[in-house]
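Working notes for the structure below.
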Amino acid sequence: MQILVHAGAHPTDEDKLYASLDANTPFMAKKNIVLPRIQLYRRPLRQAMIQVAKNQSAHRLRENLLNSFLQNTPSGHDTMILSLPMFFGSPKECVNKDRLFPDAVTHLTRFCTIFNKDEIEIFFAIRNPATFLPAWMQVAQTTQLNDILRGSNYMALRWSELFARLRTAFPQIPITTWCDEDTLFIWAKLLREFMSAINSQPVSNGYTIFAQLLTREGFERFKGYMQNHPDMNPIQRHKVMYAFAEKFARPDTVIQDLNDTPWDQPTVDRMTENYDADVDFISNMAGVTLIEP
């Protein structure tokens, strides 16, 4: 079986990806792709990985887990999608020794121990550390940045370093990644990647993220415009989306709270420059596919 693991990073889409994929289950069923209910697999899988970590026998774990994951679903699927936003670590495990998710290889090793007969792919959203770290502080319910950094240098953090570790340990596992900042414009494209759908395949909830950016009036006008211009190519569609975002964006969606960090604007700008350069580097990494607008 092929297993597509949406491994986070939390907080990026906050289960919106799962909800949007769920809206497309009729199409996925035709392609033998199954999307198990979240409540059926997150806790059992976490417990199974703890069992592997304690060197307890992994015998029959895969069979037992699949029976749990896939109850009440038709048989005959070739692909399973699992959404696990904290797969590589909890808030207080996301940074250590200048690394993002330092235990990622360990967690993936435990997963592969259980599913050693399956073809695994990793899907993972990245985010500018200048906004990612404050968001993790909110998840961890702390106002102390060092509770997340644990003495690490925030200027040294690179997503490419995480991917390099994963690829070195698991060269057979492809990684698909995208920037959280781009999800407004690539959401439908991302859904098609999970569903192995061609670019012309209509998808449900393709504008879910974009709708949350705009005012209600703005999104209604956007939908009307798209209905009146159904033959736009991707470049034209992106230009229209940028134009609507510029005119109708809700103010509360574009303001990032950095009050609990010690950073001034020049620091945030340098972190953003580092992130942009890191994204460019990732786009050329072997075995890593970057989904871009």
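Restricted to segment 1-28, and to residues that are surrounded by 15 or more Cβ atoms within 10 Å (Cβ to Cβ), assigned to a helix (DSSP H, G or I) and among the hydrophobic types (A, V, I, L, M, F, W, C), which residue is farthest from the chain's Cα centre (by Cα)?
F27
What residue, of R216, R237, R270, is out of contact with any Cys (no Cβ under 6 Å at 6 or more places or on another chain) and at pLDDT below 90?
Residue meeting the stated conditions: R237.
Could you tell me which residue of segment 190-200 is nearest to V5 (Cα to Cα), considering only residues that are in contact with a Phe, Trp or Tyr (Cβ under 9 Å, 6 or more places away or on another chain) and assigned to a helix (DSSP H, G or I)? Outline the logic, then answer.
Here is the first cut: in segment 190-200, the ones in contact with a Phe, Trp or Tyr (Cβ under 9 Å, 6 or more places away or on another chain) are 190, 193-195, 197.
Subsequent filtering for residues that are assigned to a helix (DSSP H, G or I) retains 190, 193-195.
Values: L190: 14, E193: 12, F194: 10, M195: 13 Å.
Taking the candidates together, the pick is F194.
Working only within segment 7-44, note down all residues that are within 18 Å of T73 (Cβ to Cβ) and either touching a Phe, Trp or Tyr at 6+ places or on another chain (Cβ under 8 Å) or of a type in the set (V, I, T) (or both).
Passing the criteria: L21, T25, I33, V34, L35, P36, I38, L40, Y41, P44.
Among the residues of segment 178-205, write down those that are more than 13 Å from the chain's Cα centre (by Cα), more than 15 Å from D22 (Cβ to Cβ) and surrounded by fewer than 18 Cβ atoms within 10 Å (Cβ to Cβ).
Selection gives S196, I198, N199, S200, Q201, P202.
Would you check if there is a residue in segment 38-56 being hydrophobic (A, V, I, L, M, F, W, C) and in a loop (DSSP other than H, G, I, E, B)? Spell out the reasoning first.
The initial filter retains those residues of segment 38-56 that are hydrophobic (A, V, I, L, M, F, W, C), namely 38, 40, 45, 48-50, 52-53.
Retained after the next criterion (residues that are in a loop (DSSP other than H, G, I, E, B)): none.
No, segment 38-56 contains no residue that is hydrophobic (A, V, I, L, M, F, W, C) and in a loop (DSSP other than H, G, I, E, B).
Kindly list the number of the only condition in (1) part of a helix (DSSP H, G or I); (2) at pLDDT below 90; (3) of a type outside the set (V, I, T) that fails for H77.
For H77, the failing item is (1).
Given segment 201-293, what helices (runs of 4 or more DSSP H) lie entirely inside it while holding 2 or more residues that are among the polar types (S, T, N, Q)?
Details: elements: 208-213, 216-228, 234-248, 251-254, 265-282.
Of the helices (runs of 4 or more DSSP H) lying wholly inside segment 201-293, those with at least 2 residues that are among the polar types (S, T, N, Q) span 208-213, 216-228, 265-282.
Hey, T208 hits all of (1) more than 20 Å from L290 (Cα to Cα); (2) crowded, with 16+ Cβ neighbours inside 10 Å; (3) free of Cβ contacts under 8 Å to residues at least 40 places away in the same chain but one; which does it fall short on?
(3)
Suppose we filter segment 73-102 for residues that are buried (at least 16 other Cβ atoms within 10 Å of the Cβ) and either under 29 Å from Q144 (Cα atoms) or within 15 Å of the chain's Cα centre (by Cα) (or both); how many remain?
Of the residues in that region, 19 qualify.
Consider only pairs whose beta carbons are under 8 Å apart and that are at least six residues apart or on different chains; among these, list those whose first residue lies in segment 273-293 and is farther than 21 Å from Q172 by Cβ and whose second residue is among the small types (G, A, S) and surrounded by 17 or more Cβ atoms within 10 Å (Cβ to Cβ).
Y275/A130; D278/S160; F281/S160
On the given criteria, is K54 more than 19 Å from the chain's Cα centre (by Cα), under 26 Å from I186 (Cβ atoms) and surrounded by fewer than 15 Cβ atoms within 10 Å (Cβ to Cβ)? Lay out the reasoning, then the answer.
Working: more than 19 Å from the chain's Cα centre (by Cα): yes; under 26 Å from I186 (Cβ atoms): no; surrounded by fewer than 15 Cβ atoms within 10 Å (Cβ to Cβ): yes.
Considered against the rule, which asks whether it is more than 19 Å from the chain's Cα centre (by Cα), under 26 Å from I186 (Cβ atoms) and surrounded by fewer than 15 Cβ atoms within 10 Å (Cβ to Cβ), K54 comes out as no.
Considering each of I173, I186 in turn, give the residue that is of a type in the set (A, V, I, L, M, F, W, C), touching a strand residue (DSSP E or B) at 6+ places or on another chain (Cβ under 8 Å), assigned to a loop (DSSP other than H, G, I, E, B) and more than 22 Å from P91 (Cβ to Cβ).
On the way: I186 fails: assigned to a loop (DSSP other than H, G, I, E, B).
Unique residue meeting the criteria: I173.
Considering each residue of segment 140-165, count those that are more than 18 Å from P262 (Cα to Cα) and buried (at least 18 other Cβ atoms within 10 Å of the Cβ), and give that number. Can you show your working first?
Quick first cut of segment 140-165, residues more than 18 Å from P262 (Cα to Cα) only: 158-165.
If we keep only those that are buried (at least 18 other Cβ atoms within 10 Å of the Cβ) as well, we get 158-160, 162-163.
The qualifying residues number 5.
If you scan segment 161-212, which residues turn out to be in contact with a Leu (Cβ under 8 Å, 6 or more places away or on another chain), among the aliphatic types (A, V, I, L, M) and under 18 Å from D280 (Cα atoms)?
Residues satisfying the conditions are L162, I175.
Being over 27 Å from N205 (Cβ atoms), β-branched (V, I, T) and buried (at least 20 other Cβ atoms within 10 Å of the Cβ): is that true of I126 here?
Values: over 27 Å from N205 (Cβ atoms): no; β-branched (V, I, T): yes; buried (at least 20 other Cβ atoms within 10 Å of the Cβ): yes.
So I126 does not fit the description; no.
The values are calculated or read from the model by the stated rules, or taken from the named source; none is laboratory data. Since the structure is predicted, the reported quantities are computational estimates derived from the model, not experimental observations. Don't worry about glycine lacking a Cβ; one is built from the backbone with ideal geometry, like all the others, and counts go over all protein chains shown.
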